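Beneath this line is the structure, given in structure tokens, with notes to follow.
The values are calculated or read from the model by the stated rules, or taken from the named source; none is laboratory data. Note that the structure is a prediction, hence the values are computed from the model and not measured. Note: ideal-geometry Cβ built from the backbone for every residue, glycine included; neighbour counts use all protein chains shown.
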Amino acid sequence: MARRKSSKPRRKSASRRRRPQKRRPVLRALFTVMLIGFVALLVYVAWLDNQVRQQFEGKRWALPAQVYARPLELYPGQALTVEQLQAELQRLGYREHNRPHQPGTYAWLGRSLVITTRSFDFWDGREPSRTLRVEFSRRNLSDIRRADNGDVVDLVRLDPSLIGRIYPAHKEDRVLVRLDEVPPLLIDALLTVEDRDFYQHHGVSPRAIGRALWANLRAGHTVQGGSTLTQQLVKNFFLSNERTLTRKLNEAIMALLLEWRYDKDEILEAYLNEIYLGQDGRRAIHGFGLASQFYFERPLRQLKIEQITLLVALVKGPSYYDPRRFPARASERRDLVLRLMTEQGMLDSAYAEDARGHKPGVTPRAASGVTRLPAFMDLVRRQLRRDYSDEDLRSEGLRIFTSLDPEVQQAAELALSGQLARLPGEDLQGGLVTVDVNSGEVLAVVGGRDPRFAGFNRALDAQRPIGSLVKPAIYLTALARGDYTLATLLDDGPLSLDLGAGETWQPRNFDHLSHGQVPLFQALGQSYNQATARLGLALGVPAVLDTLQALGIERELPAWPAQLLGIASLSPLEVAQMYHTLAAGGFRTPLRAIRAVLTPQGEPLQRYPLEVVQAAPALPVFLLDAALVNAVRHGTGEAAYRSLPESLIVAGKTGTTNDLRDSWFAGFSGDRLAVVWLGRDDNRPAGLTGARGALRVWADTLRRLDVQSFEPPAPLGIEWVWVDAHTGLRIAEDCSSAVRLPFAKGTAPRERVRCAD
Amino acid sequence: MPRHFFFSLRRIFPVLFVLFINACAGPQTGEESVPAEVGRAATSLLARADTHVQAGQWEQAAALLERALRIEPRNAWLWHHLATVRFRQGRYAQAVSLANKSSSLAPGNTALQEKNHRLIEEARQAAERG
């Protein structure tokens, strides 16, 4: 008993001590869980806050970045004509004046020019304003002197022309509007239709949700949404069509956060500039400013009632109510907007009636973009996003210096649209890239037959099989091995390769003929598929792909035999990278469109300098380039000389794909490289070989420019020998079949052949 | 006092650095006279680039050399200068590539070939030293 007694209290006391311990863990655990939950929630909300704030801040822009073309440098001895300088002065808006003492004025006195330049802050310092006298000889700028004291000036840099204004942190074009520039009627209509309580709610409107629910119940289907403008804005930031509860919840929290952080007008302004209002191919139309251009080709403040209400009608579903594709639907929705406005007393019914009677006047085709050079700007935008940090790009008022050469751009545009107009098929399209051979800078980009049209950018995005454009990589692989020369005989006989699984690969020549034994340079020049495929198989497909990669093709290509005939799909820009390495003697330079970016304070952002990598040894590249010169002079590119002067030396290669779907030409002079693709967007046959299509555009582009011959310095250990085009043997210089070709010392053919004629 | 010291050090550092580089018997191109085959426009840029080189402002120097190269893109001397700037910047791989580019443009110029060759050797050694 005593034991019991004694034991009991002990147990009791023990249990008393233990009981709270037993309970506490539960409480504690509960508390901990709640605490963790609460902290997690806080963290989550903070994260959402951060997300939405980043989006919001990133989308509030006032000053766009200014984008400049290359500045024109003037120096004695420069190959520059009076006409070229005059054209540049026109682009820059210099004015002719009797006494040209003001910056930006000039006067011609015969062939000499008196000019007062504008001062300009470049990334490497200020160019001061100076009054100068510039003299010309026949084809050159011969002398520059200061007008006041006659001192010789070595170098003058004109200010660059402004080619556009962009918002580099954004993928799309924008035409931003400030709240006070927006017609009040637009805001009234928008609030009436989308969010009547906008100025009252805190981001989420239970009243609107209730009203929408009621309206939807009455109608039996969704006729109204309960989302506030703030919620719609948030939704627009994180575009996705997912319709889950979590998403809705996230949107609601973010809407509340936005309202907490920013005032109503800021949110409304962001909404007006951000909301999605249409689609133009890959290009999304965001904001009322751009939508106004896109549908009506006029600025927002010039729109009439019937147009403003149409834009508001589109908010609900720009593709469903697309006024170009479904005009009836769009009108019906617009009439609903007009009715709601009169019901709410926002619009006099007489005005509404009048607006209803008018067609909104949507332009038949999507208007061009906000820049005159949509394709080049597209490249600038991509390189900015690739090479600079988002944070830097968000700063206001950046100045972006590009390598665009307005003269080259104009030549390329005229050549492409001019030649396309002569070829059959209204839907025949094309893309063109022009690059400076020496610097690897992109000088011009044309994205389609209408160069002002900001749609599909074929120069960058049309990925098409390159056909015979791949061949130089095969021949370079051979020449780099050392056991092939330009005169090595290749077998062009029929070829059949067992691919296994009962499949065979039988490449055919374009003319369906076999040409027997042909010298290597002829096989390339005449673009013989059988000889090339056999050579490629002997070298090994992987070795050829390695060469392609070294030349600058970054895309992973499967090691299929068909790669040897160019099944790889590449864009004109990628091809330009590859051919640039060939034009630059085997030195690869990443193609650049941007020279420098300056903050408004004049501080340069991190610059991407000229870089070169020796991608292929100089000697075989020199040999290959000679074969490519021959390919234009005597091979598939011969037609180039219908428009180019005989004396000009250029190199290049045609490309044609199955059923004549793609017409390619890639080639270069000593200073300019251009790649042209022609074809149809839907991939139907274009009916053109490389020579009949793209080559003409290429030659026309070069013809319009004052280009230099391609005459690279010969590496040490090169000798030139006259060989017979048929046998590859030495032949007398005056034979009609004689071709002068370079050889590495000791590898030239020894045997001689007599003239056939 | 320490501030003073810091400032003065900062001012003379580029000079010290150039002296140091020169003492290392590195390729000396920045200081010598410009060869005759460079035109006047490029020469004026080269001279400006040199003042930046003296101040250790490599990027400014490189920007001016690039500008000179746009005027005379095939001038092997300009490529050599750019290679030298990259070498001094410690960007050895670029120095090698640019020196090779320079040599490829002047196959007959043994003096320049020799300079490029030395630059490449030194860049390789410097890269190995890390």
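Considering (1) within 14 Å of another protein chain (Cβ to nearest Cβ); (2) crowded, with 17+ Cβ neighbours inside 10 Å; (3) not in a loop (DSSP other than H, G, I, E, B), the lone condition that residue A:670 does not fulfil carries the number (3). Scan region A:375-391 and give yes if some residue there is more than 19 Å from the chain's Cα centre (by Cα) and either closer than 26 Å to residue A:64 by Cα or modelled with pLDDT of 90 or more (or both), otherwise no. Yes, there is a match, as at least one residue in region A:375-391 is more than 19 Å from the chain's Cα centre (by Cα) and either closer than 26 Å to residue A:64 by Cα or modelled with pLDDT of 90 or more (or both). The residue list A:430, A:455 contains one member that is of a type outside the set (A, V, I, L, M, F, W, C) and outside the structural domain of residue A:538 (by TED's automatic domain parsing), which is A:430. Select from region B:61-76 the residues that are more than 21 Å from residue A:713 (Cβ to Cβ) and either assigned to a loop (DSSP other than H, G, I, E, B) or touching a residue at least 24 places away in the same chain (Cβ under 8 Å) (or both) and write down the one among them that is farthest from the other protein chains (Cβ to nearest Cβ). Taking the candidates together, the pick is B:61.
Figure legend. Inter-residue proximity from region A:265-291: first residues over 15 Å from residue A:228 (Cα atoms) and in contact (Cβ under 8 Å) with a residue 12 or more places away in the chain, second residues of a type in the set (Asp, Glu) and part of a helix (DSSP H, G or I), beta-carbon distance below 7 Å, spacing 6+ or different chains. Indicated pairs: A:286/A:274; A:287/A:274. Within region A:96-123, restricting attention to residues that are free of Cβ contacts under 8 Å to residues at least 12 places away in the same chain, of a type outside the set (S, T, N, Q) and surrounded by 13 or more Cβ atoms within 10 Å (Cβ to Cβ), the residue that is nearest to the other protein chains (Cβ to nearest Cβ) is A:107. Checked against (1) within 14 Å of chain B (Cβ to nearest Cβ); (2) surrounded by fewer than 22 Cβ atoms within 10 Å (Cβ to Cβ); (3) over 18 Å from residue A:713 (Cβ atoms); (4) in contact (Cβ under 8 Å) with a residue 12 or more places away in the chain, residue A:595 passes all but a single condition, namely (2). For residue A:534, only one of the following conditions fails: (1) basic (Lys, Arg); (2) in contact (Cβ under 8 Å) with a residue 40 or more places away in the chain; (3) within 14 Å of chain B (Cβ to nearest Cβ). What is its number? Failed condition: (3). Among the conditions (1) away from chain B (no Cβ under 14 Å); (2) buried (at least 19 other Cβ atoms within 10 Å of the Cβ), the only one that residue A:160 does not satisfy is (1).
Being without any contact (Cβ under 8 Å) to a residue 60 or more places away in the chain, within 14 Å of chain B (Cβ to nearest Cβ) and buried (at least 23 other Cβ atoms within 10 Å of the Cβ): is that true of residue A:586 here? For residue A:586, the condition - without any contact (Cβ under 8 Å) to a residue 60 or more places away in the chain, within 14 Å of chain B (Cβ to nearest Cβ) and buried (at least 23 other Cβ atoms within 10 Å of the Cβ) - is met. Looking only at region B:46-72, count how many residues are of a type outside the set (A, V, I, L, M, F, W, C) and closer than 18 Å to residue A:154 by Cβ. Final tally of qualifying residues: 8. Scanning region A:658-682 for residues that are within 21 Å of the chain's Cα centre (by Cα) and not small (Gly, Ala, Ser) yields A:662, A:664, A:665, A:672, A:673, A:675, A:676, A:677, A:678, A:680, A:681, A:682. Screening residue A:501 against (1) modelled with pLDDT of 95 or more; (2) hydrophobic (A, V, I, L, M, F, W, C); (3) loosely packed, with under 12 Cβ neighbours inside 10 Å leaves a single unmet condition, (1). For region A:691-719, filtered to residues that are of a type in the set (Gly, Ala, Ser) and in contact with a Leu (Cβ under 8 Å, 6 or more places away or on another chain), the residue that is farthest from residue A:646 (Cα to Cα) is A:717. Out of B:121, B:128, one residue alone is surrounded by fewer than 15 Cβ atoms within 10 Å (Cβ to Cβ), at pLDDT 95 or above and more than 18 Å from residue A:621 (Cβ to Cβ). It is B:121. Of all the residues in region B:87-104, those that are within 10 Å of the chain's Cα centre (by Cα) and facing chain A (nearest Cβ under 9 Å) number 0.
Here residue A:187 fits the description: assigned to a helix (DSSP H, G or I) and touching a residue at least 60 places away in the same chain (Cβ under 8 Å). Looking across region A:683-723, just one residue is without any contact (Cβ under 8 Å) to a residue 40 or more places away in the chain and acidic (Asp, Glu), and that is A:719. When restricted to residues that are under 11 Å from residue B:63 (Cα atoms) and more than 10 Å from chain A (Cβ to nearest Cβ), region B:37-52 contains 1.
So, in region B:73-83, how many residues would count as being surrounded by fewer than 20 Cβ atoms within 10 Å (Cβ to Cβ) and not basic (Lys, Arg)?
Residues meeting the conditions: 1.
Of B:79, B:58, all but one fail to be facing chain A (nearest Cβ under 9 Å) and either hydroxyl-bearing (Ser, Thr, Tyr) or closer than 24 Å to residue A:402 by Cβ (or both); the exception is B:79.
Answer yes if at least one residue in region A:139-149 is hydrophobic (A, V, I, L, M, F, W, C) and surrounded by fewer than 18 Cβ atoms within 10 Å (Cβ to Cβ), and no otherwise.
So in region A:139-149, the residues hydrophobic (A, V, I, L, M, F, W, C) come out as A:141, A:144, A:147.
Going one step further and asking which of them are surrounded by fewer than 18 Cβ atoms within 10 Å (Cβ to Cβ), we end up with A:147.
Yes; the residues of region A:139-149 include at least one that is hydrophobic (A, V, I, L, M, F, W, C) and surrounded by fewer than 18 Cβ atoms within 10 Å (Cβ to Cβ).
Restricting region A:690-707 to residues that are modelled with pLDDT under 95 and either within 14 Å of another protein chain (Cβ to nearest Cβ) or buried (at least 22 other Cβ atoms within 10 Å of the Cβ) (or both), which is nearest to residue A:751 (Cα to Cα)? That would be A:690.
Please enumerate the residues belonging to region A:76-95 that are within 14 Å of another protein chain (Cβ to nearest Cβ) and surrounded by 17 or more Cβ atoms within 10 Å (Cβ to Cβ). Answer for region A:76-95, where residues must be within 14 Å of another protein chain (Cβ to nearest Cβ) and surrounded by 17 or more Cβ atoms within 10 Å (Cβ to Cβ): A:76, A:78, A:80. Name every residue in region A:395-409 that is in contact with a strand residue (DSSP E or B) (Cβ under 8 Å, 6 or more places away or on another chain) and not basic (Lys, Arg), in order of residue number. Hits for region A:395-409 are A:397, A:398, A:400, A:401, A:402, A:403, A:404, A:405, A:406, A:408, A:409. Close Cβ contacts (under 9 Å, 6 or more residues apart or on different chains) running from residues in region A:141-154 that are assigned to a strand (DSSP E or B) to residues that are among the hydroxyl-bearing types (Ser, Thr, Tyr) comprise A:141/A:75; A:141/A:81; A:143/A:112; A:143/A:137; A:144/A:75; A:146/A:131. Residues that are of a type in the set (D, E, K, R), assigned to a helix (DSSP H, G or I) and in contact (Cβ under 8 Å) with a residue 60 or more places away in the chain within region A:611-660 comprise just one, A:625.
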